[in-house]
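Visitor: The structure that follows is given in the form of structure tokens.
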Amino acid sequence: MTGVSALAVTTTGTTGAGSTTDTTSTPSAPKDQMGKDTFLKLLVAQLQYQDPSNPADATQFISQTAQFTVVEKLSDLSTLNQQLLTTTQAQSAAALVGKTVTWTDAAGTDHSGVVTAATLGSSPSLTIGDQTVDLSAITSVTTTPASGSGSTTGSGSTSGTPTA
């Protein structure tokens, strides 16, 4: 007889000599979650120790395999989403170089300055003057006027620059 749960496999069977064996194994899944390896071990144990006179239902096996595939693909999708988020944050940080930004520090004080560099990685940060600021702390972004090209007006046009 085989008892299968999400966290343990208990099997009882007979050996060739007629003696009864009891085996219990508990997977070491983090945070009480079943991983891919644990799922496959449980599935193999279930098939290995099934009663030959009453084998597992084929539709149940297919259903479990399909559920495993869905969970695996969702895990892959989660990984891809995290990579996409990291890439988007890195691009956002790089695009802010040369822009004037406002940020709030840990004390709740607002600061402003021109971004001189961006540090990319899992948690992008910006160099503003002599300070390093996390991208998540930025509250506003404005375009920094280039020196010698005139000043920006409220309408978005630049004075002193000929129009074509």
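Visitor: Out of everything in segment 85-112 that is assigned to a strand (DSSP E or B) and over 29 Å from the mean Cα position of the chain (by Cα), what residue ends up being surrounded by the fewest Cβ atoms within 10 Å (Cβ to Cβ)?
Guide: Start the filter on segment 85-112 by keeping residues that are assigned to a strand (DSSP E or B), which leaves 100-104, 110-112.
This time we only want the ones that are over 29 Å from the mean Cα position of the chain (by Cα), so: 100, 110-112.
Values: Thr100: 16, Asp110: 10, His111: 15, Ser112: 12.
Filtering segment 85-112 for residues that are assigned to a strand (DSSP E or B) and over 29 Å from the mean Cα position of the chain (by Cα), the one surrounded by the fewest Cβ atoms within 10 Å (Cβ to Cβ) comes out as Asp110.
Visitor: Additional query: If you take the residues of segment 45-84 that are touching a strand residue (DSSP E or B) at 6+ places or on another chain (Cβ under 9 Å) and of a type in the set (S, T, N, Q), which of them is surrounded by the fewest Cβ atoms within 10 Å (Cβ to Cβ)?
Guide: Among residues in segment 45-84 that are touching a strand residue (DSSP E or B) at 6+ places or on another chain (Cβ under 9 Å) and of a type in the set (S, T, N, Q), the one surrounded by the fewest Cβ atoms within 10 Å (Cβ to Cβ) is Gln48.
Visitor: Here's something else I'd like to know. Being at pLDDT below 90, loosely packed, with under 12 Cβ neighbours inside 10 Å, closer than 30 Å to Leu84 by Cα and of a type in the set (A, V, I, L, M), is that true of even one residue in segment 113-125?
Guide: Checking segment 113-125: not a single residue is at pLDDT below 90, loosely packed, with under 12 Cβ neighbours inside 10 Å, closer than 30 Å to Leu84 by Cα and of a type in the set (A, V, I, L, M).
The values are calculated or read from the model by the stated rules, or taken from the named source; none is laboratory data. Please read these numbers as outputs of a predicted model, since none were measured by experiment. Note: ideal-geometry Cβ built from the backbone for every residue, glycine included; neighbour counts use all protein chains shown.
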